[in-house]
1. Residue check, residue 359 against (1) exposed (fewer than 14 other Cβ atoms within 10 Å of the Cβ); (2) more than 16 Å from residue 235 (Cβ to Cβ); (3) modelled with pLDDT of 90 or more, all met but one. Which one?
2. Search the range 36-70 for residues being out of contact with any strand residue (DSSP E or B) (no Cβ under 9 Å at 6 or more places or on another chain) and part of a loop (DSSP other than H, G, I, E, B), and hand back the single one that is surrounded by the most Cβ atoms within 10 Å (Cβ to Cβ).
3. Which of the residues that make up the range 250-278 are buried (at least 16 other Cβ atoms within 10 Å of the Cβ), at pLDDT below 95 and part of a helix (DSSP H, G or I)?
4. Somewhere in the range 186-196, is a residue under 20 Å from residue 19 (Cα atoms), touching a strand residue (DSSP E or B) at 6+ places or on another chain (Cβ under 8 Å) and outside any strand (DSSP E or B)?
5. When you go through (1) in a loop (DSSP other than H, G, I, E, B); (2) in contact with a helix residue (DSSP H, G or I) (Cβ under 6 Å, 6 or more places away or on another chain); (3) modelled with pLDDT of 95 or more one by one for residue 117, which number turns out not to apply?
6. Does the range 226-234 contain at least one residue that is surrounded by 23 or more Cβ atoms within 10 Å (Cβ to Cβ), without any contact (Cβ under 8 Å) to a residue 60 or more places away in the chain and in contact with a strand residue (DSSP E or B) (Cβ under 6 Å, 6 or more places away or on another chain)?
7. For the range 71-98, give me each residue that is in a helix (DSSP H, G or I) and either in contact with a helix residue (DSSP H, G or I) (Cβ under 7 Å, 6 or more places away or on another chain) or more than 27 Å from residue 4 (Cα to Cα) (or both).
8. What do you reckon, is residue 168 within 30 Å of residue 322 (Cβ to Cβ), surrounded by fewer than 24 Cβ atoms within 10 Å (Cβ to Cβ), in contact (Cβ under 8 Å) with a residue 24 or more places away in the chain and under 18 Å from the mean Cα position of the chain (by Cα)?
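The values are calculated or read from the model by the stated rules, or taken from the named source; none is laboratory data. Computed from a predicted structure; not experimentally measured. Using ideal geometry, Cβ is built from the backbone for each residue, glycine included, and neighbour counts are taken over all protein chains shown.
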């Protein structure tokens with residue numbers, strides 16, 4: 001198996017747990033994955049909704065809660081802890097600064113082109129990993145950093161069209177997938193090569209989007225990825241920070257239950273259907289009482305529903321007034337198990353896929 005090296009961060013396993021908001025992947029899940037040798041990731045999106053005064057002091061609540069969750073994760077693990085932050089959120093700079101002040105090991109940044117290199121606090125060695133949906137976007141980011149800062153990010157996540165949540169593709173591209181993940185990986189690996197040569201560094205390509213099993217992981221690494229990012233697989237773990245009702249929703253889902261919706265923020269989203277989803281698909285609207293504009297692209301005065309509230313409700317177990325984001329293979333979940341058992345199962349699946357591939361080669 002390939003060794004993952006993100007700017008000197010070398011975990012035992014090339015497995016990165018996806019940062020899932022709102023209030024899905026927090027310190028409980030992140031620390032458990034880190035303890036097993038992967039990258040544990042806290043999602044900063046809407047994290048302040050856990051605080052009692054968030055409706056009056058949303059921005060401050062986000063900062064308080066993110067700092068609190070990072071410190072809780074550090075108390076539980078001495079492994080690799082990261083934070084996922086969307087550029088589309090209104091307080092992106094605030095939350096990025098908190099992550100840097102707390103000296104997290106790595107920040108994953110998506111939902112926009114990450115062009116501005118942050119100023120680092122003294123003693124901070126945090127690694128930066130943008131998330132993109134095309135090799136072209138990766139080239140834009142790395143060209144800009146190389147020309148502007150004479151440096152580049154430490155790794156890149158390429159997320160394919162089978163991902164859960166907000167997906168960086170047009171809806172017709174999701175319904176008629178033109179580029180499978182392995183092709184996106186291969187293209188991104190090629191884009192990284194000149195930057196690796198110019199700066200004499202290794203720039204890992206991390207594959208995401210529909211990566212659920214050890215077999216998926218094997219295929220991604222064979223295509224040239226150095227690691228995989230897995231979100232849905234870790235939802236049905238005992239340590240995941242959501243309610244049991246949220247996890248049971250995954251267990252009950254069939255492949256037909258995983259659908260695409262039009263999000264109020266202007267992106268398609270992949271979710272597990274629910275009575276709430278059926279209402280919005282039928283054109284029903286729910287009153288939006290927005291304490292502040294948490295997403296830059298959201299016109300809350302025209303939005304048919306508040307996606308932040310819907311996601312938070314689901315995470316807390318209220319699926320009548322919300323829904324679960326989920327990847328295209330989330331329906332494969334069949335039981336709740338520990339993170340340790342889950343990673344062990346993934347690695348067994350990987351070993352079996354590798355063994356079968358060797359047998360196939362010998363028979364040719």
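1. Status for residue 359: all satisfied but (3).
2. Top of the filtered list is 54.
3. 276, 277 - these are the residues of the range 250-278 that are buried (at least 16 other Cβ atoms within 10 Å of the Cβ), at pLDDT below 95 and part of a helix (DSSP H, G or I).
4. no
5. Unmet condition: (3).
6. No; the residues of the range 226-234 include none that is surrounded by 23 or more Cβ atoms within 10 Å (Cβ to Cβ), without any contact (Cβ under 8 Å) to a residue 60 or more places away in the chain and in contact with a strand residue (DSSP E or B) (Cβ under 6 Å, 6 or more places away or on another chain).
7. Within the range 71-98, 72, 73, 76, 92, 93, 94, 95, 98 meet the criteria.
8. yes
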